[in-house]
Structures are given as structure tokens and as C-alpha cells.
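**Q** My questions will all concern the structure given below.
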Amino acid sequence: TDDTLSFCLDDGEALLDGPASMSEPETVILPGDSVTSESSTRTFDPSDSSSANSGPPDILPSQGFRHLSRSRVIVIAGVGFVIVTLLGLGFFWIYIGASAKQFNSVAVIPFLNESGDNDVEYLSDGITESLISKLSKSPDLSVKASSSVFFYKGKKMSPKQFGKDLKVEAVVLGRFVKRADEIRLHLEIVDTDKESVIWSDEFRRDISDLGSLQDEIGNAVLKGLKNVSLDSEVAQDKRIDPEAERLNMLGRFYLSKRNSKEFAKARSSFESAIKLVPDYAAAYAGLADTYMLMTAYSNTTDPKIYMPLAREAASKAIELDPNVAEAHASLGRVLCFYYREFNAAEAEFKRAIQINPDYATGHFWYSEYLIVTGQNEAALAEIRKSLELEPLSLPINRYYANTLMFLGQLRESEEQLKRTEELFPNNSTTLMDLAWLYARQGKFDAASEMAIRAVRTSGKGADEVARFKTAVDEDGWKGYHRVQLELGLEQKRSKPFYRSYDLAMSYTAIGDFDKAFESLDNAILERDRALNYIKLDFAFLPLHNDPRFAEILKNLGLSD
């Protein structure tokens, strides 16, 4: 063929293949006066071909398909059409299949606060927690627990790395801005394997409409994950006063910090929420957790004041809503560690786990009950279940190591504590656990070194750190406990309350057993929660053969 004949010499436009449009004339055979040896161009008629009488002509390679029969051309064209159609349908179904993929596991990464205001950081945690809670109500969806995802808060990682670390098929990423009374939230779901966005949306709401926003994004994310049909949405929670809901969210934010200053803020937030909504079960559950954890994380918080308050708040939450797992777990812990009503405590722990089998803290606290009542294998199974649900929780990782320590599995306990220290570097409580473990093994130099590291990371002033360092250099492990005892006695004189249990540990470490038993008697009067561990706590191993120790166990109801 000659491509030059495909274009009009007048304007360079391609000649039409088919009927002309109404805006231009049809292509015609150009007239001319030149003489040529070629015949005029005419329409080909197969009946005029000599091949009809003399058989098929020789076909030159350069002639190609022009000499195929009309029927064969039609067949080839038909086959080609079928192939192209099948390929098209294949790609179509592959695309449709990919876009319709149902995701069965997801992690909600804590939302980024782009407001430039740290005072609204609680919204990041609160909305993230709320979305996790709502997604968890879908029976076919595995949702990573809060403590696991909050480990990644503020970390810059790719969706693929999130998927690898958390073992999920998708992640929900979000960022929000609060301006005046409006919150603007942008969400997207990312396939962690392909790192492609499969759904995104933006929500704008007045801060007073926070409750409906949380319901809306919960349902929208489920649809984006293809995990529910459009008519099978997560049921909306009972509408709560927006300000009370905000205060409850703020309370949980402060409670997660686990220190005395933040406990006070948490308590104030929950109490304010209850003033606005007197029948707010979730706020009562939060208040119960606050009272109970205050006694666990502070040496100067009197259990006789706050543990009864925790029982009252948990019972009120259950009265208002019997299906609040957190309230049952809190009540169980108070019954176990303050009132020592072990049968009633076990019933509450079991009820909490029945309501929410994925409530890791419920399994954690039930494990504590089982270990102190001598059900060692069951205790180990429960703490492992808790760790499986929340593998990045500091308290659960630490307690798993302590459980192994209580059961005499010292090598495994050390390995677990070192893993915990890798996850949470320079955490003073983990370092002190390691110090006690080394002391249990008779490695007092290593114990002293680790204790000094714990002091340096605990926030103590330079003078106190130097005081510990000098004492350890002079008398090793005992030197450390002499300073710890001196500081404790100073607190005992200056504060309305200071735990006698801690004094008993230090007296035992320096070999003053009479003072140790005196302090343990005081701890019994104080109803110290740690007394449940007195048989397992190897700080008191030197006291085990003393008849006074057997008498203490009898008084506590912990005798064999």
C-alpha cells in the first residue's frame, strides 16, 4: 500500500473510511486528462475474477490477507472479536473482584491532630477508640485493640509496614482539624498489601454533634471495608448529651496516662460527665477504673478511701447497663484485691469476658485472680490470651513476665522483660522488674546496676539519683534499699498515707525482719492490694520459714 494516498493533498487531512459527514462532500474519483497505461479504478466484483474458473491463483507473500476468501476473513474476524471480548471480560471481572474484596482484618491508626492545639489531642484518642469499639461489633471483622495501635501513634510508617507489624489486611488512616466549634475529619482505608486507597471521605460536623459523627464514620468504614451490606449497619448507640460524651472521652484520655496528675484530671472529667447525665453508665465505669488504678499506681493513695468508691461506681454502672464489660472487670478486681471476696470476684471477671471476649484487660485481671488463688496453668493461659489480644500493651507485657517469674520460669521471664524493654525503652517499672529478677537469681551486682537505671529514668531529681548511686557503690543491692527505705520513711512522716508494704520489702532486703513483719501488719490494716501476692513475691522469701509469716497467710485467707 501507498500511505501517501491516505491523505487529501489539499489540506493534509486523512481520508474518511466510511460515509462522509454532512459537513463535507463525499470522496470522488478525481478526473484528469493525463494518459496512463493503468485501467480506471472500479469496484471489485468477484464474479468477474478469472480465479472463479481457473482455480486459486498463486498468492504472493506481500499480498497477505487481501486474497483470502470473504468467508475466511469473516471467521478470523469473528474469532478475534471473541478473544478480545473474553480478554476484556477477564480484566473487567479482575477489576470488579479487586474492588469488591471484603477485608476481614483492620487496624485503626490513631488520627493525626493537625489543629496545632495539644488541648484537643483527646479528640484523636477518643474518636480512634470509638471507631475501634464500633468496628469490633461486626462479628466477621478482626479489629486490632487500642493498646496495639496506640503504640504507633505519631510514627511515620508505610501502610505495608503497618500491615506487616499488625498482621492486618487494611488500615484506617485519618487526620482532623478543629476550628472554633467545627471539626473536619478526613478518613481513608488503605489496602496494606497493594498500598492503594480503597475508600476515602471527609466529614464536617459541629463539635456538639460528635456522637452522630462517630456513628456515621463507623458505618462508612464498614461499608468501605465491604464487611457489611448497606442494610446491615452498626446500630447507633443511645444518644448522650454531646458535652457529657466529650467529657467521658477526655476522661479516658487522661486515664490512659497512668500517673497521679492525670488520674486527678480523669476523675474530674468523669464526674463532670455524670453531673450532666446522671445515668451515664460508661462514665461511671471510667470513674471506677480511675479510683481503682489510683491505688495501684501511687504509694500515697489510701485504698480504704478509694477502693470502696471504685466498688460503688462499678456497681452503679452495672445497675444502669448490665452489659458494660469494663464495669464488671473493675468490680471483680476490687472484690479480689481489696475485699478478698474471691468467689464473687471470679463471677465478675467471667461476666466481663462473656460480654466482650476480646476485652484484653478483662483477661489480664482475671489472670491476676487465678494466680493469687493458685490456679497457675489457667492464669498463664489467661495472660497469654490477653497478650495475644493486645501484644503492644506495656502493663500486659510486664505482667506476663511477672507471671512467669511467680511460676519459677526465670529464664523465660527475663526474656519477656527484655522484649518489653525493647518495646518500651527506659521504662522505670520494667527496669525495676529486671532488677528484682536478677536479685532472685543471686546476681546482685546486675540487680544494683539495673536499679540505678530505673532510678535515672523515674524522673527523680539529680540529688536523689546521686544519693542512690553513692549507696550502691558502697553497699550494692542493700545500699539501694537503705536509701529506698529512708525516702519511704520520709514520705510516711510527711504524707497522710504511705504504703507500708513497700517499707516491708526494703526492711526484708536489708535483713531487718522484725521491722518487716511490723510493716506487713500495718499493710494488712491498710488493706494493701499487693498482699494477695505475698506468697509469690520473692522479696519475702527470707521470711517464709518464720512462724509469723504463716500467721499472716492465715489472716489473709491464703494458707494452703
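**Q** Test each condition in (1) over 41 Å from the mean Cα position of the chain (by Cα); (2) under 23 Å from L370 (Cα atoms); (3) buried (at least 17 other Cβ atoms within 10 Å of the Cβ); (4) not aliphatic (A, V, I, L, M) for N555 and report the one that comes out false.
**A** The number of the failed condition is (3).
**Q** Out of all the residues in the stretch 394-405, is one or more not in a helix (DSSP H, G or I) and not basic (K, R)?
**A** Taking every residue of the stretch 394-405 in turn, none turns out to be not in a helix (DSSP H, G or I) and not basic (K, R).
**Q** Return yes or no: is S269 of a type in the set (G, A, S), surrounded by fewer than 20 Cβ atoms within 10 Å (Cβ to Cβ) and touching a Phe, Trp or Tyr at 6+ places or on another chain (Cβ under 9 Å)?
**A** Spelling it out, it is not the case that S269 is of a type in the set (G, A, S), surrounded by fewer than 20 Cβ atoms within 10 Å (Cβ to Cβ) and touching a Phe, Trp or Tyr at 6+ places or on another chain (Cβ under 9 Å).
**Q** State the number of residues belonging to the stretch 425-436 that are over 20 Å from I534 (Cβ atoms) and surrounded by 15 or more Cβ atoms within 10 Å (Cβ to Cβ).
**A** 5
**Q** I need a count of the residues in the stretch 425-465 that are in contact with a Lys or Arg (Cβ under 9 Å, 6 or more places away or on another chain), of a type outside the set (A, V, I, L, M) and within 27 Å of D165 (Cα to Cα).
**A** 6
**Q** Here is a further query. Could you tell me which numbered condition G459 fails, if it satisfies all but one of (1) crowded, with 16+ Cβ neighbours inside 10 Å; (2) assigned to a loop (DSSP other than H, G, I, E, B)?
**A** Here G459 clears every test but (1).
**Q** Looking at this structure, is L185 under 13 Å from L225 (Cβ atoms) and not polar (S, T, N, Q)?
**A** Taking the combined requirement at face value, the residue does not satisfy it.
**Q** Scanning for something at pLDDT 95 or above, surrounded by fewer than 22 Cβ atoms within 10 Å (Cβ to Cβ), within 22 Å of R440 (Cα to Cα) and among the aliphatic types (A, V, I, L, M), does the stretch 383-404 turn up at least one residue?
**A** Checked the stretch 383-404: at least one residue is at pLDDT 95 or above, surrounded by fewer than 22 Cβ atoms within 10 Å (Cβ to Cβ), within 22 Å of R440 (Cα to Cα) and among the aliphatic types (A, V, I, L, M).
**Q** Of a type in the set (S, T, N, Q), at pLDDT 95 or above and more than 21 Å from N402 (Cα to Cα): does that describe N522?
**A** Details: of a type in the set (S, T, N, Q): yes; at pLDDT 95 or above: yes; more than 21 Å from N402 (Cα to Cα): yes.
Yes.
**Q** Of all residues in the stretch 176-207, how many are modelled with pLDDT of 90 or more, crowded, with 18+ Cβ neighbours inside 10 Å and of a type in the set (V, I, T)?
**A** 3
The values are calculated or read from the model by the stated rules, or taken from the named source; none is laboratory data. Everything quoted here is computed from the prediction, not taken from an experiment. Every residue, glycine among them, receives a Cβ derived from its backbone with ideal geometry; neighbour counts consider all protein chains shown.
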